[in-house]
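Remarks on the structure that follows.
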Amino acid sequence: MATMNLRRTLRDNRGFLLFLFSFALLRTAVADWNPIPSGSMRPTLLEGDVVLVNRLAYDLKLPLTDVVLLPLAEPRRGDVVTLSSPAGGTRLIKRIVGLPGDRIAMRDEVLILNGEPARYADQRTVGETLAPGWVVDAVRATETLGGREHAVQFLPSAPARRDFAEITVPAGHYFLLGDNRDNSEDSRFIGTVPREKLIGRAHHLLVAADWLGEDGWRMAPRFSRWLKAVL
């Protein structure tokens, strides 16, 4: 009797079940959205942002796996990507700063690409809220690296890894950093990231909300960030 009821339920709801399957396949193989839970990409991405991720930006993969069926395009320096961390599998979102074969180093917070230091312009100091009632000075600037510009942030009072010796990015790997350089778990700690661990490229915000206010945690829409391009 139970088997007959199950079959009847599946038959009566096959259209809805097909929709759920198609939706799951879309999220795992074509497009996805990724909530931003931390400040590691400030000021580019804020806690409460939800980014749209193009899973077909680089590779067609077997759904629910890292198996690449067909390469589609090459990751570019400056792209903001979601990835599965090679150190534990946690989903992260970072910026590609080093391509295969690039030489990468950092000295006194200055990123050095193939022997050329990045340029930093429009530096200014702002107050950065780390938690309700906890505000620190943050230095924001526009970083130019390999001909592309993006915003970065530094926290001078925070303990951070601001120097590392030059490494050469291995073939098939990428060096990733968070835009919030002093508050990011990135390739300085997890190592270079193999291509198959790249999930997709973040290209627009879907919606955004303010999670952090002076009086405590709250939720308020940030309409000015909705549908904004991720640069």
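Derivation of every value follows stated rules applied to the coordinates shown; laboratory data play no part. Quick caveat, the model's predicted, so the values are computed rather than measured. Glycine gets a Cβ as well: all are built from the backbone with ideal geometry, and neighbour counts include every protein chain shown.
A few comments on the model shown:
- Peptides 157-168, 177-188 ordered by average Cβ neighbours within 10 Å, highest first: 177-188, 157-168
- Using θ = phi - 60° and Karplus 6.51 cos²θ - 1.76 cosθ + 1.60, couplings along the stretch 113-126 (whole Hz; Gly, Pro as x): 10, 6, x, 10, x, 5, 9, 10, 10, 6, 5, 8, 9, 10
- Once the Cα-Cα distance is subtracted from the 0.36 nm per residue extended length, the Ala105 to Gln123 segment shows a gain of 4.3 nm.
- A protection proxy built from the mean count of other Cβ atoms within 10 Å ranks the segments 86-97, 101-112, 120-131, most packed first, as 86-97, 101-112, 120-131.
- By the count of other C-beta atoms within 10 Å, a proxy for reagent exposure, Trp134, Trp211 are ordered fewest to most as Trp134, Trp211.
- Distant-in-sequence amide H partners of Tyr174 (H built 1.01 Å from N, under 5 Å): Val193
- Anisotropy class of the stretch 32-225 from Cα gyration tensor, a/c 1.5 cut: oblate
- Computed label-point distance, nm, for sites Val68 and Ser224 using a 7 Å Cα→Cβ extension: 4.0 nm
- The stretch 103-139 residues near the modelled Glu149 label - backbone nitrogen below 16 Å, point 7 Å along Cα→Cβ: 118-124
- Amide H contacts under 5 Å for Ile199, placed H, 5+ residues apart: Thr82, Leu83, Ser84
- Where labels lie 7 Å past Cα in the beta-carbon direction, separation of Thr90 and Ala131 in nm: 1.6 nm
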